[in-house]
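For reference, the structure discussed in these notes is given below.
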Amino acid sequence: MLMTEQDMAVRPLQETDLPTIHGWFQDRDVYNHIVGPYRIRSEVESLEYMRGWLTNTQNAVRLAILGAPETTGPLVGMVSLTEIDWTHRFGSYHIIIGARDDRGQGHGKRATDAILRHGFDDLGLRRVELELYADNQAAQALYEHFGFVKEGIKRERCHRFGTVVDTLIMGLLARDFKRL
C-alpha cells in the first residue's frame, strides 16, 4: 500500500499493538459503539486470534490508527476493510477508537479517509458497506460526511447489555466518494 503524508494517521498493525487492542475489546464501553458480541476473553486467547490480523490478506486490510503527531503518535484505534469480495468488488468497513478520551478528536475521520481512499483508489473496490447501531448518531454523521447512504435497517438486530437495538446498513459507492 502506497501511503501519502495524509495517510500517516494509519500504519500496519504491529505485534506490540495487540495487548492494547485486547484491552479495548474487554471494555464494555467500547461495545456501546461497535456492532458485535461482548465477550470477555483471556489475553492469551485474544492475542493468538489477533496475530492473524498482522498480515493483511487478500480479503482483509487492518490498520492501526495513530494519535498526534500522526507519524509517531500513540495507538488510538484500528480501522479495517474486511470480507473483501473481489468478484463484486466490495468490502465491509470497521473502526474502533479504543479510549473514551480519544473519541471525538478527529482520529476516526483521518483514518476513515485513508482507508476509503486505499479501498477505492488502490484496491479498486466499487462499494464499501458497514453496519452500526441505529442510535449511534456520532458515527452516522461521520459516515454521511464521507458520502455513505442509509440503505436499510435491521430491526431488533442486537442485544446490547439487556437492551434490544436496531442497526443501520450504510453503503458508499466509489463514484460518490470520488465526487467529494
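Kindly provide the set of residues from region 57-80 that are open to solvent by 70 Å² or more (accessible area, probe 1.4 Å) and closer than 20 Å to PRO19 by Cα, ordered by number. Correct list: THR72, PRO74. Every residue in region 90-110 that is open to solvent by 30 Å² or more (accessible area, probe 1.4 Å), touching a strand residue (DSSP E or B) at 6+ places or on another chain (Cβ under 7 Å) and more than 13 Å from HIS33 (Cβ to Cβ), please. Hit for region 90-110 is PHE90, nothing else.
When VAL165 is tested against (1) in contact (Cβ under 8 Å) with a residue 24 or more places away in the chain; (2) outside any strand (DSSP E or B), just one condition goes unmet, and that condition is (2).
Note on region 118-132: residues that are in contact with a helix residue (DSSP H, G or I) (Cβ under 9 Å, 6 or more places away or on another chain) and open to solvent by 50 Å² or more (accessible area, probe 1.4 Å) amount to 2. Being touching a residue at least 12 places away in the same chain (Cβ under 8 Å) and either under 28 Å from ARG11 (Cβ atoms) or surrounded by fewer than 13 Cβ atoms within 10 Å (Cβ to Cβ) (or both) is not true of ARG155.
The values are calculated or read from the model by the stated rules, or taken from the named source; none is laboratory data. Keep in mind that what you see is a predicted model, and the values were worked out from it rather than measured. Methodologically, a virtual Cβ is constructed for each residue, glycine included, from the backbone with ideal geometry; neighbour enumeration extends over all protein chains shown. Remember, those area values only see protein heavy atoms, side chains included, never the ligands or the DNA or RNA. Shrake-Rupley method; radii C 1.70, N 1.55, O 1.52, S 1.80 Å.
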